[in-house]
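A short write-up of the structure that comes next.
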Amino acid sequence: MGFTRSFLKATGLSDEQVSAVMEEHTAVTDALKKQRDDYKVEAEKAADLQKQLEGLQGGENWQEKYEKEHNAFEDFKKQTANEAEAAKVKAAYRKLLSGEGISEKRLDTILKVTDFSKMKLDKDGNLADADELRKAINSEWSEFKTTVTEKGAVVERPPQTGKATKTKEEIFAIKDTAQRQKAIAENHELFGF
């Protein structure tokens, strides 16, 4: 049995009272229906959220993923720092090789075959154990050293003026003192001045 107008009339209510009760009843029922529909929508959303939550819990572990990414980044930073340090060591060794007279043409060849893992820089940025490295360079790479030879300027023979030169004996044989001095001046190389 439902809540109807005829049921209310049977209870002895007037038509006005029945209409008022029915309007109130309809308003309450409509509000309850709206509230029910809202709860249904919220329940569906909650079900979707529950599915997402279960998917996330069954999926990746975010803590593990974070730690994995963090460790990869730390490894990358270490690798970058090691590469920068290796480049500094290589540059310092190149400078040391040049300082020992190794040919510029051979530097790259030597650097390609050199093991830099045992070389370290001191606090000033120079290679530690530089004296030992110099000895090793001079023993292992001596055939690549360049030698500088100094050669004096080429002096050509002075041009001949066409006049005949005299010997010392001929000059000393000149009796006139002025003529003799003139001949000595013209042939001064014979007398060392």
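Derivation of every value follows stated rules applied to the coordinates shown; laboratory data play no part. Since the model is a prediction, treat every value here as computed from it, not as a measurement. Reconstructed Cβ throughout: ideal geometry from the backbone, glycine too, with neighbour counts over all protein chains shown.
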Discussion item. Straight-line reach from K120: which lysines fall under 26 Å, measuring Cα to Cα and dropping same-chain residues less than 8 apart?
Written reply: K77, K78, K88, K90, K95, K105, K112, K135, K145
Worksheet item: Taking K45 as the anchor, which lysines have their alpha carbon closer than 24 Å to its alpha carbon, excluding any fewer than eight residues away along the same chain?
Response: K33, K34
Discussion item. Just to confirm a number: summing +1 for Lys and Arg and -1 for Asp and Glu over residues other than D108 whose beta-carbon lies under 13 angstrom from that of D108, what do you get?
Written reply: +4
Worksheet entry | Charge tally in the Cβ shell below 11 Å around E85, where Lys, Arg are +1 and Asp, Glu are -1, E85 excluded | +3
Worksheet item: Say each of S98 and H188 gets a label point 7 Å from the Cα, pointing the same way as Cα to Cβ; how far apart are those two points in nm?
Response: 4.8
Worksheet, complete the sentence: So, relative contact order of the range 72-193 in percent, Cα under 8 Å, 6 or more apart, is 21
Item to complete: Check cross-link reach from K175 to the lysines: straight Cα distance under 30 Å, and skip same-chain residues fewer than eight apart.
Response: K163, K166
Worksheet item: Within the chain, what's the longest stretch lacking trypsin sites (Lys or Arg not before Pro) that sit in DSSP loops with no more than 13 other Cβ atoms inside 10 Å?
Response: 1-117
Response to the item:
Low-density loop GluC sites (Glu not before Pro), the range 1-76, at most 11 other Cβ within 10 Å, DSSP non-H/G/I/E/B, are E60
Practice prompt. Hand me the chymotrypsin sites (Phe, Trp or Tyr not before Pro) from the range 1-96 located in a DSSP loop with no more than 16 other Cβ atoms within 10 Å, in residue order please.
Written response: F3
